[in-house]
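This is the structure I have questions about; it appears just below.
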Protein chains: 2
Amino acid sequence: MLLFPILRFLALAATAAAELRVVPEPTTHTEGNTTLCLHSSFKIKIEGGRADDLSKAAIVVQNRLDSAPLYLSPTHGSEFTCGGQLRSLVLRFTGDAKPIATHAQERLEKRIENEAYTLSIPVDGAAVITAKTSIGLYRGLTTFENLLYSSLPGPRDGNKDHGHERHKNKRQVYAPFAPYEITDRPAFGWRAVLLDSSRHYLPLDVIRRQIDAMAAVKINVFHWHIVDSQSFPLKFSGELGALADNAAYTPAKIYTEDDVRGIVDYAGARGIDVVIEIDTPGHTAAVYHTWPELIAGFVRHPWSLWANEPPSGQLRFADPATIEFTRKMFKQTLGLLKSPYFGTGGDEINAVCVSNDTQTADIYAANGWRYNFSTKAESDATLSVALRPFTEKTHEVIREIGRTPVVWDEMAIEFESGIGNDTLIQAWRGPESTAGVIEKGFRVIMADYNYFYLDCGQGGWVNGNPEIAKTGNINSWCDPYKTWMKALSYDPYLNLTTDAQKDLVVGGQASLWAEQTDANNLEAQLWPRAAAFAEVFWSGGGEKGFPRDAITAVGRMHDVRYRLDARGIRAVPIQPEWCALRPGECLLE
Amino acid sequence: MLLFPILRFLALAATAAAELRVVPEPTTHTEGNTTLCLHSSFKIKIEGGRADDLSKAAIVVQNRLDSAPLYLSPTHGSEFTCGGQLRSLVLRFTGDAKPIATHAQERLEKRIENEAYTLSIPVDGAAVITAKTSIGLYRGLTTFENLLYSSLPGPRDGNKDHGHERHKNKRQVYAPFAPYEITDRPAFGWRAVLLDSSRHYLPLDVIRRQIDAMAAVKINVFHWHIVDSQSFPLKFSGELGALADNAAYTPAKIYTEDDVRGIVDYAGARGIDVVIEIDTPGHTAAVYHTWPELIAGFVRHPWSLWANEPPSGQLRFADPATIEFTRKMFKQTLGLLKSPYFGTGGDEINAVCVSNDTQTADIYAANGWRYNFSTKAESDATLSVALRPFTEKTHEVIREIGRTPVVWDEMAIEFESGIGNDTLIQAWRGPESTAGVIEKGFRVIMADYNYFYLDCGQGGWVNGNPEIAKTGNINSWCDPYKTWMKALSYDPYLNLTTDAQKDLVVGGQASLWAEQTDANNLEAQLWPRAAAFAEVFWSGGGEKGFPRDAITAVGRMHDVRYRLDARGIRAVPIQPEWCALRPGECLLE
């Protein structure tokens, strides 16, 4: 009498094909068909070394397994019995044990190897993760957690076909497709999410929540675009503190130096490097409120001549006083950070703020510099004359402490900007700009707005033309919305033919600019799309090459969205819940 | 020594032009230039009658004024002193006092007159709202609250140009542009927001929060699309309870009959009529799990032939058993409701579920009905033969208790569907369909997806074509995102020439379908765009006619978004906060 239902349940479970629903998909993996249950005494152990932040991460995972309300449907709602019991997970160092944060803050060249791990889960007994470093073990631990589900308690109580697993009379944490053998390493060393805290202030707890979510999908760089023309929330100690005093939105909407250090440490312990960007010489109008003499073109009209968005105003970069100010600001920011990298911006430099500024004209004249804006080429050359010393002298404070600048692609291809050959370039303006950066031999971070600008698709926000307003057709330069499928369809090697060119691609960046984003919609805009982005740059093209297959990714994408949701991240659904429970049923046929 | 700063502050305040930042904009209004402060003993009084829900609403407003963290910037960040003290607000009935809910649930014909009010706020003393009814007084009270701001406490502490008002050493609630004279009434009687709780379940507290937000912008109908093919969360008592038992996503994701009654009462007290839609005969696949014999074409492949989205399956409406079931389901739902209106759907009826169903074919043959699907016209005619008795008999249970059906436009223009002349038609498929409905002489609710489908613009979600997936260009039929400016640019009278035609337009509806929406992004998708929608149908075209001017609405739209935000509604920013503090500065010049 007892044997019959067990056989029946096993038979049901066996009908579900093994599928690894982990984002990013591990590089190589095999699965079986045994439902492996977490034993009530399940423990995570660390062997071969010790790192405090790894130990803490293990405790967090253990606690989450005890409580997280996960009830996804990898086996399409079958009832199940346990085919084996997992009693422990061993994290085993094969190299020296250092903190995760140390590795998160290492140079790019070391990251790929350091983040590699293997994960072996048998049908019974002990699972093992091996890695050379704590950050490798941490990545493996993240994968391990993402293999596990929890069932609803109790037998079906009349609810049919809901797609939620059930197991006897208790909640059971289980992995449906044991044994698992996973060997994994990132395809690229730079996998960044950019957040912008100037157009709208982002509370610290919101930033920390995003860091948790980034870690869950193995993103390893938080590019923090902390200040801009709209507000200056970075509250320096000392004299520079006036910048936030005068240009934070409110006295409460600031980040103190301790706040920044706190975020650096919080992220580091989760395998994430915090790269702060102090965008210069453009995107700096907020400085005007404290040092008006450093800013040209402040709040001029029509603003569309003087800036890409209001308010206009940029550092008078030809002026040695501006260089001195910028060096000081960079230096003080660098003192808060641990990353080998530092963002200095360089995007959207406005020529009118240079050509229509008498103080700048005087400086050019005094130096005997060309001052000709008759064509785009002349204008770029004119700007370059002053930009070069500005860049060289401000980047000097980065280099003299052994760190490396990160800039936007204009600095590599529009200007003779004075950047060094080692500078990392964020290519954001589409394939042509990317090709230009590669051609010049710079290392490049793929940040193409056509794929990875997650704020796009909400329509334009600057319209003031009454005739256009009447139609309501207020578009934006970066429409439409970038779907998760669009992100996943990205080929970082498109149009690159030689290995030397491909070697210049160090990774990618998904950017969430904040003109139309604040804490109210930040998570909905980021997740799960940033997870699709993360898969491109962690998982790579695999044997079949880029682009990755978005069709077979649907189940994974549902999974990651429900996991983020279960952790309190407001990730948006990619399909009706009916489809999440039956991913294959909702493909267009 | 004391006089000088006071004079200076007054001078600053006087430079800000009076601007009424209320959404929807009142029909007629005048403002002055006196900053009127709420006296510490400020009280709201009701005269000439009594209605419990109005009294409660007054207490809610009074409490919010005591605590809400509003610090918007109608006067661009000036410091101010109080030019007068407001000691009371009187709500004065000029007609019989009945509860707000009673009026919310009245017929359309009475709504416009009942919601009318006048609001007079002098520079000192007592403000007065007069209206015939409690719902008119409630609308006036809502306007009154939206005129008030609160300052940051304390003098400027070094923070310049932040655009936040300051007043001495305490938080001060104030109205910047007294005296105000407002005469207001809605242009249309039907101003609906549709929420869909089938593609994703919406928790009750989330629904209640949206009702609060709807009331804040004078929306007066909550169209609750409560069930659909994906899930059936409506948990009836008795035999029909099996529908939710078998097709709610989980046993917890249901609405009991008490839950529905609770929402009806909650909304009624806030001037909102709850119109539930039980969509038939399409959008009913969920019924299959309980009564498979009533459903044709359940989960057939390729689904795109059998339905507009998965899962396929629709009521076998030619079958008398189906009619009986539907009558019973309608009857039981109607018993929970107080609205004079009831939605029966009728959209996206699938012909293949009729033409490829042997049981249906047998019924047609037995009745000697035509069964010809050779052209679209033949197919529509064939469907109409069975649809007519289905509609007549199911609508009968609505009419026999004195209520009126509401259907989608297919029922008026694609089929001889059997609807009565009094039926309200939701025109959703663009200008042509709207014109068709008007031509047939039906009353119409403007629900054009090009303007008011707030879920659009997130890309397609049903793609399974590997070649398209490779490009990532997964579009949706209803792209792009509908901006608030798009909503505001709507002209309900476009292409209508005669008064008789215009009289058929009873209002509008903004719909948020939930394929890609759940509680995580619901509010960000709804707000503040639904407020722009509300303005079109409350404020009307004014003296200048439609479309309304989106340029001058920017300040109002910022205001409503910050007010919703202050109430905990996750409304999205429409521009950087810098612009919210200086709306005129961010128009494209």
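Give a quick list of GluC sites (Glu not before Pro) in the range B:382-411 that DSSP marks as loop, anything other than H, G, I, E or B, with at most 16 other Cβ atoms within 10 Å.
B:E400
Next question. What is the interface area between chains B and A, defined as buried accessible area summed over both chains with a 1.4 Å probe, reported in Å² to the nearest 100?
That pair hides around 6700 Å² of surface in total.
So which residues of the range A:519-537 lose at least 50 Å² of accessible area, probe 1.4 Å, when you go from the chain by itself to every protein chain present?
Correct list: A:N520.
Then there is this: Write down the accessible area per residue of the protein assembly as shown in Å², having rolled a 1.4 Å probe over the full set of protein chains.
34 Å²
Cβ under 11 Å from A:F42's Cβ, A:F42 left aside: what net charge do those residues give with Lys, Arg +1 and Asp, Glu -1?
Summing Lys/Arg as +1 and Asp/Glu as -1 gives +2.
As I understand it, the value is the acute angle between the Cα axis of helix B:320-334 and the longest principal axis of the Cα atoms of chain B; what does it come to in degrees, rounded to 10?
Between helix and principal axis, roughly 20 degrees.
Where in the range A:549-582 does accessible area fall by at least 50 Å² between the isolated chain and the complete protein assembly, at a 1.4 Å probe radius?
Flagged in the range A:549-582: A:I551, A:R570, A:P573, A:P576, A:E577, A:W578.
If you don't mind, there's one more thing I want to ask. Averaged across the residues of A:480-493, what count of C-beta atoms belonging to other chains lies within 10 Å of each residue's C-beta?
For peptide A:480-493, the averaged partner shielding equals 5.
Can you give the accessible area of A:S55, probe radius 1.4 Å, in Å² rounded to 10?
Here the residue's solvent-accessible area equals roughly 30 Å².
What are the lysines whose alpha-carbon lies under 28 Å from the alpha-carbon of A:K393, with same-chain residues fewer than 8 places away excluded?
By straight Cα distance, A:K393 reaches A:K235, A:K328, A:K331, A:K338, A:K376, A:K440.
Heavy atoms of the protein only, probe of 1.4 Å, neighbouring chains included. What is the accessible area of A:K56 in Å², nearest 10?
140 Å²
Using the 4.7 Å Cβ rule, please list in number order the cysteines from chain A without any candidate partner.
Lone cysteines by the Cβ rule: A:C353.
Distance from the Cα centre of the range A:204-230 to that of the range B:192-237, in angstrom?
Answer, in whole Å: 33.
Could you pull the copy-to-copy label distances for A:E392, with points set 7 Å along Cα to Cβ, in nm to one decimal and sorted shortest first?
9.2
In addition: Along the charge dipole of the range B:190-551, pointing to its positive end and built from +1/-1 on Cβ of Lys, Arg, Asp and Glu, which listed residue (B:V354, B:I445, B:A213) has its Cα farthest out?
B:A213
Taking only Cα atoms, what is the 0 to 90° angle, nearest 10, from helix A:3-14's long axis to the longest principal axis of chain A?
Helix A:3-14 and the main axis of chain A meet at about 30 degrees.
Add -39500 (n - 2.57) for each DSSP H run of 4 or more in chain B, then divide by its residues: what number comes out at 222 nm, to the nearest 500 deg cm²/dmol? If you can, show how the numbers build up before the last one.
On the way: 23 runs with 208 residues, N = 589.
Calculated mean residue ellipticity at 222 nm is -10000 deg cm²/dmol.
What are the lysines whose alpha-carbon lies under 30 Å from the alpha-carbon of A:K43, with same-chain residues fewer than 8 places away excluded?
Result set, ordered by chain and number: A:K56, A:K98, A:K132, A:K168, A:K170, A:K218.
If ligands, DNA and RNA are left out, what is the accessible area of B:Y493 with a 1.4 Å probe, given in Å² to the nearest 10?
Taking all protein chains as shown, B:Y493 has close to 70 Å².
Are there any residues in the range B:230-256 with a reduction of at least 50 Å² in accessible surface when going from the isolated chain to the assembly of protein chains? Probe 1.4 Å, please list them by number.
B:N246, B:Y249, B:P251
Now for a separate question. How many percent of the accessible area of the protein assembly as shown is carbon or sulfur, using a 1.4 Å probe?
In the protein assembly as shown, the share of accessible area belonging to carbon and sulfur is 53 percent.
Sorting B:H395, B:H289 by accessible area (1.4 Å probe), largest first, what list results?
Largest to smallest exposure gives the sequence B:H289, B:H395.
Sticking with this structure for a sec: Note down the net charge around B:N63, summing +1 for each Lys or Arg and -1 for each Asp or Glu among other residues with Cβ under 14 Å from its Cβ.
Surrounding charge for B:N63 is +1.
The values are calculated or read from the model by the stated rules, or taken from the named source; none is laboratory data. Keep in mind the model is a prediction, meaning the values are calculated, not measured. Please note: Cβ atoms are built from the backbone with ideal geometry, for glycine as well, and neighbour counts cover all protein chains shown. Note: areas computed on protein heavy atoms with side chains; ligands, DNA, RNA excluded. Shrake-Rupley method; radii C 1.70, N 1.55, O 1.52, S 1.80 Å.
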